[in-house]
Each structure stands twice: as C-alpha cells, then as structure tokens.
Amino acid sequence: MPGKEAKKDGGSDPQGKTVVEPELVNDDAEGGSLEEILAQKEDELKQAQDRILRLSAEFDNTRKRLEREKAESIGYANESIMRELLPIIDNLERAIEHGEKEQGCKGCKGLIEGVRMTLKGFLDALAKFGGSRFESVGQPFDPTRHEAVTQETTSEHPDMTVTREFQKGYTLRERLLRPAMVGVARNSKSGAGAPQAEEQAGPE
C-alpha cells in the first residue's frame, strides 16, 4: 500500500526505534569454557570448606584449652594457702613428738591428744582440697621430690636411698607442694652423682 514502508530485518520497529539483535557469547573468547569455570568454582568451594574446618578445629582446641586452664586454676587456687599451713603442721608434729618423750608430766596426755586432734583436722582439710604427704624413707632419692641435707656412708642400704626424713614432703594433686628434706645413703665406693649436701649437715 502506498505510504507504508516495508519493515527491514535488523532495522527499526514500527515506533521508529532501532532494534539491536543479541550477539552470541563465545565462551572461549571470554577466558574459558563452561566446564572450566565450574571446575574453578568447585575448587574455590572446596578451599572455603577446608578453611571452615580448620577454623572449627582451632576453635574447639581453644575451647578445650580454656576449660583445662580453668579447671587447673580452680584445682590449684588454694596452693599458696596450703603452703603456708605446712609449717604449722610441722610444729604440731614436733609438739606431739616432744610431748611423748616427756616422762611424769601430769596432764600431758590429754594435752598431747588435743594437739593430735588439731593436727588431724589440718591434715583432713589439706586432703579435702587435694593435698597429701608422701613417704620418702626407703625410697630411691628423687631430686624432683627430695632435698638432700645429709649423706650417710653405709652398706646397709642401696646407694642413693633415702634413710632419714627431717621434713615431710607434700603434693597438691599432681604438683609438688614442698620437697621432703632427707638424708641419703652413700656406699663407700660410690662417689659420683651424689646429691649436693654437706656431710651430716642438719636442716636449717
């Protein structure tokens, strides 16, 4: 019909606007195929998952460490107080030992019994919070638990055996609270490796 223009492919629409036909994207031209892109994304996802697992493991280890430190802090909170009580226990034991040697002391028996009950109360309180004494006489000398103050040359005991105990040693759970002050047997032919102590030197 006259007055109408034929519509051209790729030209203008009826309103006079230019129609732009879409172009196909070439995957190779954009830097890789679809399969390569998917493989790259899967690798990135795997790396992210690995990071999450590592962070989770680190968090769990930190939590366990804090719980362990908290438990140790609570378990050893009374360590300094217990250490201060040990000299009092020593004095009570000396009082009992001295009282038992006294002869003809009227009323001493009841007094000694009272001191003995007081000592037991201190030891029970110590045990309640994890404190305890350890035996040393007859045991091999252990520098981590014993402090040698005398050496005794003898063949009646194996070399480096504790023969006397001048002051008892104590532990608080697995921790040493106070080393024991001891005397150590030395065989006449064994000189090397002796603990550092003066011959027959008593405790201060």
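All of the numbers you see were taken from the coordinates with simple rules; none came from a lab. Keep in mind that this is a model prediction, so the values were computed, not measured.
Specify the inter-centroid distance of segment 44-88 and segment 163-180, based on alpha-carbon positions, in whole Å. What the calculation gives is 28 Å, centre to centre. Normalising the Debye intensity of segment 131-186 to I(0), with uniform scatterers on Cα atoms only, and taking log10 at q = 0.18 Å⁻¹ returns -0.51.
Report the rotationally averaged projected area of segment 79-129 based on its alpha-carbon convex hull, in square nanometres.
Averaged projected area of segment 79-129's Cα convex hull equals 3.4 nm².
Taking amide hydrogens as placed 1.01 Å from N in the peptide plane, the amide H of residue 151 sits under 5 Å from those of 184, 200, 201, each at least 5 positions away in sequence or on another chain.
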